[in-house]
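The values are calculated or read from the model by the stated rules, or taken from the named source; none is laboratory data. Being a predicted model, the structure only gives us computed values, none of them experimental. Don't worry about glycine lacking a Cβ; one is built from the backbone with ideal geometry, like all the others, and counts go over all protein chains shown.
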Amino acid sequence: MISQNNQSALLKEYIKTLFASKPVFPGILPRKWGKDFSDDELYQVYTALKAVLKQADPYSRESLIREFEGFDYTPQQLNWYLRRFWREIVKLIIETSTPNIAAKG
């Protein structure tokens, strides 16, 4: 079984490769030209995306979550969804991976 960290890294790599022209995740590089994502890797991206969205605030991210819940997994649907929402997904990944400093104080 693939660990959630590997799935998360794959989601970040997918976003960087297909959508983000500037660095958005430190240490994550785009995939080399000509090396496509396999069907198994795309499903891992979907699984990682689902895990990220489970951590999202359902009120502030309502449209993001509703759109995700509204599609059946296919590589094309995944690509369409991420193309549409990749900037919000990046913000959400950064928010959920950064420790909440205010909560410590």
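In the range 1-17, what residues are free of Cβ contacts under 8 Å to residues at least 40 places away in the same chain, surrounded by 10 or more Cβ atoms within 10 Å (Cβ to Cβ) and not small (Gly, Ala, Ser)?
ASN6, LEU10, GLU13, LYS16, THR17
Please name all residue pairs, on different chains or six or more residues apart, with Cβ atoms under 7 Å, provided the first residue is in the range 65-78 and is under 13 Å from VAL45 (Cβ atoms) and the second residue is modelled with pLDDT under 95 and among the aromatic types (Phe, Trp, Tyr).
Listed pairs, sorted by first residue: GLN77/PHE71.
With LYS22, LYS50 as the choices, which residue is more than 15 Å from the chain's Cα centre (by Cα) and of a type outside the set (Gly, Ala, Ser)?
LYS22 is the lone residue from the list that is more than 15 Å from the chain's Cα centre (by Cα) and of a type outside the set (Gly, Ala, Ser).
If you take the residues of the range 37-88 that are among the acidic types (Asp, Glu) and assigned to a loop (DSSP other than H, G, I, E, B), which of them is surrounded by the most Cβ atoms within 10 Å (Cβ to Cβ)?
ASP57
Just for the range 13-36: of the residues that are part of a loop (DSSP other than H, G, I, E, B) and among the basic types (Lys, Arg), which one is farthest from GLN76 (Cα to Cα)?
LYS22
For residues in the range 1-59 being of a type outside the set (A, V, I, L, M, F, W, C), closer than 18 Å to GLU95 by Cα and touching a Leu at 6+ places or on another chain (Cβ under 8 Å), which is modelled with the lowest pLDDT?
GLN55
Across the range 18-36, which residue is nearest to LEU82 (Cα to Cα) among those that are among the aliphatic types (A, V, I, L, M) and surrounded by 14 or more Cβ atoms within 10 Å (Cβ to Cβ)?
Restricting to residues being among the aliphatic types (A, V, I, L, M) and surrounded by 14 or more Cβ atoms within 10 Å (Cβ to Cβ), the top hit is LEU18.
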